[in-house]
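A.B. asks: Please read through the structure below; I'll follow up with questions.
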Amino acid sequence: MSAKHQSWGWMLAVDFFFAGMGGGMLLVAGLIELFAGTGQLSLLGNIVGPLCMCVGCGFLILELGRPLQAWRVFMNPKAILTCGAWIMSVAIVVGLVYASYGLNPAWFGMDKLFWQEWGALRKLLAVVCVLTGLVVATYPGVLLGRHKGRPFWVGPGIMTLFLLSSVVTGVAAHIICGMILPPVEMPGAWNHLPALAGGLLFFQLVAWIGYLWIKRTGTTAAEAASALKWLQGCYADTFKAVVMFMGTIVPLVLVMIPSPLCQGIGALLVLVGGVVMRCLVVYAGEDRTWLPGEQKYRGRLPLGSEAFLKAWGK
């Protein structure tokens, strides 16, 4: 049986990164709209959030294979993948409509865009952005945590790690977008984003330490062995150097320095740490436990190159 049927690849990790970051950006934008007022974030950031989810969907379609049949993902209401696909679709549409409130009518040669006068609709869109953004940001962790045969994934802890990473990468992306295209209101909530990112990075650091400690000492032998790979094994060097040090500790220090250059570098490092973390977590799913007789059953499945399959294909 090919390895592709046993594990997922880097494209799923990239999907998790872009989708989670986009969901985090929608969540942050909606919360600031509801509690801090309009025009507090960059228009570019509000547009980039939904677009990031579109990019994530593209990588997911490629990873699943048969892109022309991707519509089938929406057809099984009992599948968690179907629920995620529908919620992400709603988040993309609502996010883009919400972002359109920041468009300048003069760009289109108009005095005003009629829907921008509907303030109640804007607040409603912000509420939907918060709800769908939260689900999209959490969804990858929920999807992985349900796999009981993958010792490093199983349990609610992975959901917390993905939610924290999605939100902090979303905040970091808003910081970068605000530096490229400043928000309408300066100073505003955007100026407090570096402090928010610093707090989230601290909690992410604590969450990872706690997650690995629990996996190593308080769970099954298979989970303990999987955590050991992150502490001393094949994932340890990359995890400690890139995810924890370069992607968490260093940006935690940089974003707290009142310098746009330092904060921008810190935000970029957060994104690097986020995508590497997802790659390591997805690859860690290659280690799995087997049900009685499952390996024997899978060993009897055709590889795809057998002569009778070739003849049947003709």
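A.B. asks: Take each of the peptides 85-92, 136-143, average the number of other beta-carbon atoms within 10 Å over its residues, and list them starting from the highest.
C.D. replies: Per-residue mean Cβ counts within 10 Å order the peptides as 136-143, 85-92.
A.B. asks: Right, something else. Counting each DSSP H run of 4 or more residues in the chain as -39500 (n - 2.57), what helix-only mean residue ellipticity at 222 nm follows after dividing by all residues, to the nearest 500 deg cm²/dmol?
C.D. replies: Helices in the chain give a 222 nm mean residue ellipticity of -21500 deg cm²/dmol.
A.B. asks: Using only Cα atoms and rounding to the nearest 10 degrees, what angle (0 to 90) does helix 10-35 make with the longest principal axis of the chain?
C.D. replies: Once rounded, the angle reads 30 degrees.
A.B. asks: Right, next: For segment 171-211, count all C-alpha to C-alpha pairs, find those more than 15 Å apart, and express that count as a whole percent of the total. Each step should come with its number before you reach the end.
C.D. replies: On the way: 381 of 820 pairs.
Pairs farther apart than 15 Å: 46 percent.
A.B. asks: Further question on the same structure: Among residues other than Leu31 whose Cβ falls under 15 Å from its Cβ, what is the net charge (Lys/Arg +1, Asp/Glu -1)?
C.D. replies: +1
A.B. asks: Quick one: putting +1 on the C-beta of Lys and Arg, -1 on the C-beta of Asp and Glu, what dipole do you get for the chain around its Cα centre, in Debye to the nearest 20?
C.D. replies: The dipole of the chain has a size of about 1200 debye.
A.B. asks: Which one of Leu196, Leu103, Leu280 has the biggest mean-square fluctuation once the chain is modelled by GNM with Cα springs under 10 Å?
C.D. replies: Among Leu196, Leu103, Leu280, the largest GNM mean-square fluctuation belongs to Leu103.
A.B. asks: On a 0 to 90° scale, report how tilted helix 221-231 is relative to the longest principal axis of the chain, with both axes built from alpha carbons and the result rounded to the nearest 10.
C.D. replies: 50
A.B. asks: In percent, what relative contact order does the chain have, based on Cα pairs under 8 Å that are 6 or more apart in sequence? Before the final figure, lay out the partial values.
C.D. replies: Details: 462 pairs, mean separation 78.8, N = 314.
It rounds to 25 percent for the chain.
A.B. asks: Also: When only alpha-carbon atoms are used, what values of Rg and Dmax, in angstrom, describe segment 137-213?
C.D. replies: Values for segment 137-213 (Cα only, Rg and Dmax): 15.5, 50 Å.
A.B. asks: Using per-residue counts of other Cβ atoms within 10 Å, averaged over each peptide, order 25-37, 113-125, 245-257 from highest down.
C.D. replies: Details: 25-37: 22.2, 113-125: 12.7, 245-257: 19.7.
Order by mean packing, descending: 25-37, 245-257, 113-125.
A.B. asks: Just need the relative contact order of segment 77-177 here, percent rounded to a whole number, with Cα pairs under 8 Å and 6+ apart.
C.D. replies: That works out to 23 percent.
A.B. asks: Please calculate how many Å² of accessible area segment 219-288 carries per residue, with a 1.4 Å probe and no DNA, RNA or ligand atoms counted.
C.D. replies: It amounts to 44 Å² per residue over segment 219-288.
A.B. asks: Same structure, new question: State the volume of the convex hull built on the alpha-carbon positions of segment 43-197, expressed per residue in Å³ and rounded to an integer.
C.D. replies: 152
A.B. asks: Continuing with the same structure: If you roll a 1.4 Å probe over the chain with all protein chains in place, what percent of the accessible area is carbon or sulfur?
C.D. replies: Values: 11410 of 15860 Å².
That share works out to 72 percent.
A.B. asks: Which residue fluctuates most in the GNM of the chain (Cα springs below 10 Å): Trp107, Trp153, Trp208?
C.D. replies: Of Trp107, Trp153, Trp208, the Gaussian network model singles out Trp107 as fluctuating most.
A.B. asks: Can you work out D for the chain in µm² s⁻¹ from Stokes-Einstein, where Rh is the Kirkwood radius over C-alpha pairs, the temperature is 37 °C and the viscosity is 0.692 mPa s?
C.D. replies: 157
The values are calculated or read from the model by the stated rules, or taken from the named source; none is laboratory data. Keep in mind the model is a prediction, meaning the values are calculated, not measured. Glycine also receives a Cβ, built like all others from the backbone with ideal geometry; neighbour counts cover every protein chain displayed. For the accessible areas, the whole protein counts, side chains as well, though only heavy atoms, and no ligand, DNA or RNA atoms are used. Shrake-Rupley method; radii C 1.70, N 1.55, O 1.52, S 1.80 Å.
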